[in-house]
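What follows is a single structure, written as structure tokens, with notes after it.
The values are calculated or read from the model by the stated rules, or taken from the named source; none is laboratory data. Here the structure is a predicted model, which is why all the values come from computation and not from measurement. All Cβ positions, even for glycine, are placed from backbone atoms using ideal geometry, and neighbour counts span all protein chains on display. Keep in mind that these areas ignore ligands, DNA and RNA; they rest on the heavy atoms of the full protein, side chains included. Shrake-Rupley method; radii C 1.70, N 1.55, O 1.52, S 1.80 Å.
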Amino acid sequence: MEKFRFTTEEKEETLSLYQKVRELLDDSVSESDVTHMRHHLMNAIESHQMHRNVFGLNPILLSFQTAQLVVEEIGLRRDAVIAVLLRPSVEEGYLTIDDVQADYGESVARILRGLQRIQQLYKKNPVVESENFRNLLLSFAEDMRVILIMIADRVNLMRQIRDVPDEVSIQKKEVSQEAAYLYAPLAHKLGLYKLKSELEDLSLKYLEHDAYYHIKDKLSETKKNRDAYIDRFIKPIDQRLKEAGLKFHIKGRTKSIHSIWQKMKKQKCTFEGVYDLFAIRIIIDTPIEKEKMQCWQAFAIVTSMYQPNPRRLRDWLSVPKSNGYESLHITVLGPEQKWVEVQIRTERMDEVAERGVAAHWRYKGIKGDAGMDEWLTNIRTMLETSDGLEAMDQFKMDLYEDEVFVFTPKGDLFKFPKGATVLDFAYHIHSNIGNQCTGARINGKVVTLRQQLQSGDQVEIMTSGNQKPKQDWLNVVKTSRAKSKIRLALKETQVKEGLFAKEMLERKFKNRKLEMDESIMQVLIRKLGFKEVSDFYRQIASGELDVNHVIDRYAELQLGDQPVTGNNVAESAANFVLDESRLPANAIQDDVLVIDRNLKGIDYQLARCCQPIYGDKVFGFVTISGGIKIHRDDCPNAPELRKRFGYRIVKAKWSGKGASQYAITLRVIGNDDIGIVNNLTSIISKDEKLVLRSINIDSHDGLFSGNLTIMIDDNTRLEALLRKLRAVKGVKQIERL
């Protein structure tokens, strides 16, 4: 930014504005104030060390323009005006806040401190579109007048950057975007409807130049006809309302350019397609007890003269909006078949709406907390009867007593409940960040994960790969989001530790030549004093419970509480055989599997993934529950089981053939010819020892594919069946799943 000297034009305009502001302030500025200000401003001007802003504008001239605006448009007085005029000198370092307080008092100094804090907030570069940022900006202001000055300052800046050169077009775009997303909503919330509309229109003008001038030109072209139409529309209504004895006045208003553009985008139509370019407002002067009656009377008169659109009736008279807005809106078909919106309300209702209860803004989707609307209706009165601090305190008490706003190092903004900690922030970023959080740097200072957050804090989370969630973290965090993530992490940790401990215990059992019986293990866990199985395995994992002690106690239970050693346990297991006398007669006819060191009678199941049958080469896999699953050697899962759980693999082989049959699934692919499926099923049905349990066939692109589920005795009979099926004409591929 370049240093500057005042041009002749700038001097003349500044002097003219100085005189206007003096006249507007009347007697609220003392001679002492004038003397001090003249001294401070002349020092800044004559130093020639002041800098023009990024747009090349004179900051002192800008301050006088803003001062005029805050007096005329907002109604602020002495303290706010002095703060505005001295702001460039304070920002350039020619004047300190202490100097201001000494010469002008605490109120002016407080406003300048608030303006400085918001400038510091901007340096963090948060996302200005965020509703959170609007709230944080309000909570940062020590005095409500700070926000009002910021809005006026932005309106003035938007007025002045109309003709800035192209080389600063990016900055112009950023300023305009902020005006639309940040300052226009704030202006409307504070009842500054005129400034809000100006900010929106100027933003559209700079951001979407063609759209703005297209609508502006269209409005200019149609103004004469529009005014004439409004007169024709109003004249008969005016006469009928007078005949009914109502006291009223009628006015027409044209929508802002920004509102028209929003309508065009929402309805996806041209300018000519926006039928409610203007609205007619009937404002009735009546006592409060007759308001509803006379509004409905006017409504009846209008709708009897012009055809109403019932879908466009808005009755905020019977049930006012939550913010207190009351009015009747109806769209009627006027002369020349044009739709016209008519709003009917009383003087009292109109005053509430015009004073900025944010009725229209809330209706468009921005919701406030409890107390917002009552505060908004009274803000101007409060500003007139207090120094602005009272209004700000009430606003913050109503809206932000339970919230804090904090930044990431990149400037992203997050909202938390009051009392939230560093750990809440960490879990808000990501579950893994929370799980590994060891503390944080807040505004560059290292703090613990228990540190409570304050509005405006910049938080950088510190993590460690060795950190794990702890049970007492549930007492550290405030947000339900963090609590649920901690509970989930603790549960996952317990599950992982439990699985690790169980596998370790099974491995130890294997080394001692013991088979783990789940029922005996449950008895043992209770005898050891554990109510929850998870607690038992957690102590195994942590080493609090000795694994060898557990195995010895298990062996005692298994052998009827007779102490045994590892050797005689192995000997007993080796001598264990199937006791056929205790089985039903038909069970002896079943096929026999020998598992590991010739053990017979061991509980096992055939794995569904590979469906082993008698004669297949197989192996056993000890499951977590203690049972054994039998897999084919060529099972698709076999490589992974051997790689990850080699210690749980046991040998197995078939030792005797009984009368068992096994379900297998065959995958068949062939030409989609008539009769081919019948040929396949015919081969199966002709064999008395084969049973076809199910068939599922799909046909596409001249091919068929399907699965056949068959009951079969052994792999020898399976090989014979496969040879017959492959010989069928049209079969391209057949394989066992």
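List of remarks:
- Amide H within-cut-off set for residue 660, under 5 Å, with H built and near neighbours excluded: 591
- In this structure, the amide hydrogen of residue 545, modeled 1.01 Å from its nitrogen in the peptide plane, lies closer than 5 angstrom to those of 540, counting only residues at least 5 positions away or on a different chain.
- The solvent-accessible area of residue 455, taken with every protein chain present and a 1.4 Å probe, is close to 50 Å².
- Neighbour cut-off at most 13 other Cβ (10 Å), DSSP loop, GluC sites (Glu not before Pro), segment 274-335: none
- Segment 399-549 - Rg and Dmax from Cα coordinates, angstrom: 20.9, 70
- Chain lengthening between residue 649 and residue 735 when straightened (0.36 nm per residue, less Cα-Cα): 28.3 nm
- Projecting the Cα atoms of 708, 734, 697 onto the charge dipole of segment 694-737, computed from C-beta unit charges around the Cα centre, puts 734 farthest toward the positive end.
- Surface analysis of segment 474-548 yields an accessible area of 59 Å² per residue, using protein heavy atoms and a 1.4 Å probe.
- Shape of segment 178-252, Cα gyration tensor, a/c cut at 1.5: oblate
- Segment 1-123: proportion of alpha-carbon pairs further apart than 16 angstrom, %: 61 percent
- Spin-label pair residue 91/residue 504, simplified geometry with 7 Å Cα→Cβ offset, distance in nm: 6.5 nm
- Working ranking of peptides 70-79, 611-620, 257-266 by packing, defined as the average number of other Cβ atoms within 10 Å per residue, highest first, is 611-620, 70-79, 257-266.
- Fully extending the segment from residue 7 to residue 171, taken as 0.36 nm per residue of separation minus the present Cα-Cα distance, adds 56.6 nm.
- 3J(HN,Hα) from dihedral phi, segment 451-467, Karplus parametrisation 6.51/-1.76/1.60, rounded to Hz, x for glycine, proline: 4, 7, 8, 10, 3, x, 5, 9, 10, 10, 6, 9, 10, 9, x, 8, 6
- Among the listed pairs 205/265; 265/292; 189/338; 20/196, those with a Cα-Cα distance over 27 Å are 265/292; 189/338.
- Efficiency of FRET from Cβ geometry, residue 699 and residue 660, R₀ 35 Å, rounded to 0.05: 0.50
- Shape category assigned to segment 134-293 from the gyration tensor of Cα positions, a/c cut at 1.5: oblate
- Cα shape, segment 33-83, gyration tensor, a/c 1.5 rule: oblate
- 13 Å reach of a label modelled at residue 216, 7 Å along Cα-to-Cβ, counting backbone N of segment 183-206: 201-206
- For the residue pairs 513/651; 686/729; 496/651; 223/255; 415/478, the alpha carbons lie more than 23 Å apart in 496/651.
- Two-decimal Rg to Rh for segment 428-496 - Kirkwood Rh, Cα set: 0.97
- Accessible carbon and sulfur surface of segment 636-737 relative to its total accessible area, %, 1.4 Å: 48 percent
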